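Q: One structure is given below, represented as C-alpha cells, and several questions about it will come after.
Read-outs: derived from the displayed coordinates by stated rules, not from any lab. Note that the structure is predicted; figures quoted are calculated from it, not measured. Neighbour counts are summed over all protein chains in view; Cβ atoms, including those assigned to glycine, are modelled from backbone coordinates with ideal geometry.
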2 protein chains.
Amino acid sequence: MIFKEKPVIVSRSTLKRLPLYLHLLEGLMAQGLEHVSCTQIAKEFDFDPTQVRKDLEVTGEVGTARIGFRVAGLVDSIKEFLGWNNAHDAFLVGAGNLGKALLGYRDFEKYGLNIVAAFDNDPRKVGTRIFGKEVLPLNKLPNLSKRMHVHIGIVSVPAEYAQSAVDLMVNAGIKAIWNFAPAPLRIPADVILENARLTQSLAVLTNNLKRNRDQGDNNANSDVSKI
Amino acid sequence: MIFKEKPVIVSRSTLKRLPLYLHLLEGLMAQGLEHVSCTQIAKEFDFDPTQVRKDLEVTGEVGTARIGFRVAGLVDSIKEFLGWNNAHDAFLVGAGNLGKALLGYRDFEKYGLNIVAAFDNDPRKVGTRIFGKEVLPLNKLPNLSKRMHVHIGIVSVPAEYAQSAVDLMVNAGIKAIWNFAPAPLRIPADVILENARLTQSLAVLTNNLKRNRDQGDNNANSDVSKI
DNA sequence: GATTTATCGATAAAATTTTCTCCATTAAAA
DNA sequence: TTTTAATGGAGAAAATTTTATCGATAAATC
C-alpha cells in the first residue's frame, strides 16, 4: 500500500502568512541567496521566529541547524502547498470597476489563477473584451463551465446580485467561490467559499484611526507596525 | 472630572465582523424592521449567537430581552464605532489597474472614505482624471497632504515601489496606510498600517481547493459554508 | 580538536478567541 | 395577574493561535 501524504489542515492564519514568505523568498532567490533562516524571515516581518518555523513546517521542508532552509526548496514547496504550481481556470462574474481591475491584474498568473472569461448582464458590456478577455452574457456560464471544466468563480457583482450569481455558479458545477461582494452568501457545504472583502480591512483601519484620534495615545497601537 | 468613554481595544476578528452585521442591518432597516435579536443575526451568518452578542457589546448598544436590539441604533453605533460616520480624506498612490478600480469604487463613501486625489509617476497618467479624480505627480503629495490635512494613504503601486511610496507618505504626515501591495512595509510605530492583500485570500482559496482535490473527501471543509 | 554560537525541531506555556452555561429580565400568553 | 418562552448579560470553559523554552546539531571560532 502506498501512503499518500495526508493533507494537513492548516490554520487560516498560517495560510495567509505563506504568500508573504513566498514573496520575500522569491526576492531572495533573485538575489542569488541559497539559504535563509527562520530568524531572518521573522525579522523582515516582525514576526516571532518560532511562528515562522511552525508555518514553514506545513510545507514539509526541513531546515538544517546553523544554515536554515534552502530558499529554492521553500519557494517550490510553498507554491506546491498553496496549489499555485498548477494553474486553475476561473470565471469572473460582474465586469464593473472591480471586475475590470481583477481582469487586468496580471499577477494572478503567478498565483495559479487564470481568468478565462467574464460574465455580465449589462448589454453594453456583453460582447466587448476587457484585457483580452471576452465578456459573455450570464446565461452562457453553465454550459461553458461544464464544457471547460472551470471550477473557480469570482464574484464581483453588487451585493444584491451576489446570491443569485452564486446560485447559478454552484448549479453549473463551480467548486470554489472567491467573493468580493459585501453580502453573506449561502452555498452547499462541499463548495469552497473565500471572501475578499475590502470593507473588513477598511473597518480595521478606520477604527484604529478613530481610536488614535480619540485618545491621542501613542502606545495603544504598538502592534500595528507589523506586516 | 469628566470620564471620557475609554476607547476599547477590540480584536481584529470582531472588527472584521462588524461590517457584515452593518450590511445586514441596513438591509433590515430598509425593510422597515424595528428590532433584531442576536439569534437572528447569528443565523444569517451561521455564527454563534454569543459571538454576535459579544461583538455588538463593543458598540455600547444594549438590547432588551425578548425583543433584541434596535436596528437603527445598531446601525448608527456600528458606524460610529468604526469611524464611518465622519468622512476621512485619503490619497491614493499608484493609478494602475487596481488603483483605478479603487478610485471608481463608489461605496467607499458609505464607509467614510473619500479619496480626494491620486498620485502616480507615469507621465502618461499624470494630468488625467480617473472617475473625476485628478492624477498628480508623486512629488506633489507632501505639500498637498499637509495643506489638506489628509491622513490616510492608499498604496496600490507594484511591490517594488511600495516602501518608497510609504516613506514619502509617512514623511508627509500621513497617519494611516492602507496597503494593497504584496510587500512587507516598514513604518513608525505611531502610523497605522492595514494590509488588504488579495494574495492572502487567494492562498486560502487555492489551498482549500487543492486539499479537496487531493483527498476527494467531502467533510474536511465543513466549515467553509460559513460567511 | 574543543568550545562557542546560531539554528532547528519538539514540546510546553501563555495569550487570544470562540463557544458554552447559567441566570435575570422582559414581553407575550394563559 | 401569573406563567411561560425568548433573550441579553456575565463569566467560565474550550479551542485555537502565538510565544517561550530546551535539547540536539551543525558550522564557525579558538
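Q: If eta is 0.890 mPa s and T is 25 °C, what Stokes-Einstein diffusion coefficient results for the stretch A:100-209, Kirkwood Rh from Cα pairs, in µm²/s?
A: 164
Q: Report, for B:Asp190, each distance to the same residue's label point in the other copies, shortest first and in nm; define the point 7 Å along Cα→Cβ.
A: 5.7
Q: Sorted from shortest, what are the nm distances separating the label point of B:Gly96 from equivalent points in the other copies, each placed 7 Å from Cα along Cα to C-beta?
A: Between copies, matching label points for B:Gly96 lie 2.4 nm apart.
Q: Still on this structure, I have one more. Could you compute the net charge surrounding A:Pro182? Neighbours are other residues with a C-beta less than 11 Å from the C-beta of A:Pro182; K and R count +1, D and E count -1.
A: With Lys, Arg at +1 and Asp, Glu at -1, the neighbours total -1.
Q: Mind pulling the angle between the C-alpha long axis of helix B:12-30 and the longest principal axis of chain B? Nearest 10 degrees, somewhere in 0 to 90.
A: Approximately 70 degrees, to the nearest 10.
Q: OK, next. Considering the Cα positions of chain A, please state its Rg to one decimal place and its Dmax as a whole number of Å.
A: Gyration radius and largest Cα-Cα distance of chain A: 20.8, 65 Å.
Q: Continuing with this model, one more query. Taking 35 Å as R0, compute the FRET efficiency from the Cβ-Cβ separation of B:Asn139 and B:Arg106 and round it to 0.05.
A: 0.75
Q: Looking only at the protein assembly as shown, where both bridge partners belong to it, what percent of the DSSP beta bridges are antiparallel (to the nearest 5)?
A: 20
Q: Just to confirm the numbers: A:Gln40, label point 7 angstrom along the Cα-Cβ line, distances to the other copies in nm, shortest first?
A: 5.8
Q: Then there's this: What does DSSP give for chain A in terms of the percent of beta bridges that are antiparallel, rounded to the nearest 5? Walk me through the numbers on the way to the answer.
A: On the way: 5 of 25 bridges.
Bridges in chain A are about 20 percent antiparallel.
Q: Then there is this: What number, rounded to the nearest 500 deg cm²/dmol, is the helix-based mean residue ellipticity at 222 nm of chain B, given -39500 (n - 2.57) per DSSP H run of at least four residues and division by all its residues?
A: That comes out to -13000 deg cm²/dmol.
Q: If you don't mind, another one. If you filter the stretch B:26-124 for trypsin sites (Lys or Arg not before Pro), then keep DSSP loop positions with at most 13 other Cβ within 10 Å, what is left?
A: B:Arg66, B:Arg124
Q: Also, quick follow-up: Compute, for the stretch A:126-190, the length of the dipole vector about the Cα centre, with Cβ point charges of +1 (Lys, Arg) and -1 (Asp, Glu) only. Units Debye, rounded to 20.
A: Working: 7 positive and 4 negative charges, 53 e Å.
It works out to roughly 260 debye.
Q: Sticking with the crude label model, points 7 Å out along Cα→Cβ, report the distance from B:Glu61 to A:Phe131 in nm, one decimal please.
A: It is 3.8 nm.
Q: Using R₀ = 51 Å, calculate the FRET efficiency as 1/(1 + (r/R₀)^6) where r is the Cβ-Cβ separation of A:Ser11 and B:Arg124; round to 0.05.
A: Numbers: r = 44 Å, r/R0 = 0.86.
Once the sixth-power term is evaluated, E becomes 0.70.
Q: If you fit an axis through the alpha-carbon atoms of helix B:71-82 and take the longest principal axis of the Cα set of chain B, what angle between them do you get, 0 to 90°, nearest 10?
A: Between helix and principal axis, roughly 40 degrees.
Q: Just to be sure I understand: chains B and A are related by a rotation, so which residue of B has its Cβ closest to that axis, and how close in Å?
A: B:Ala101, 2
Q: A follow-up question, please. Cut-off 14 Å, label point 7 angstrom out along Cα-to-Cβ of B:Asn114: give me the residues of the stretch B:130-160 whose amide nitrogen falls inside.
A: Backbone N within reach: B:148-152.
Q: Relative to the longest principal Cα axis of chain B, at what angle does helix B:159-171 sit, 0 to 90 degrees, rounded to 10?
A: 90
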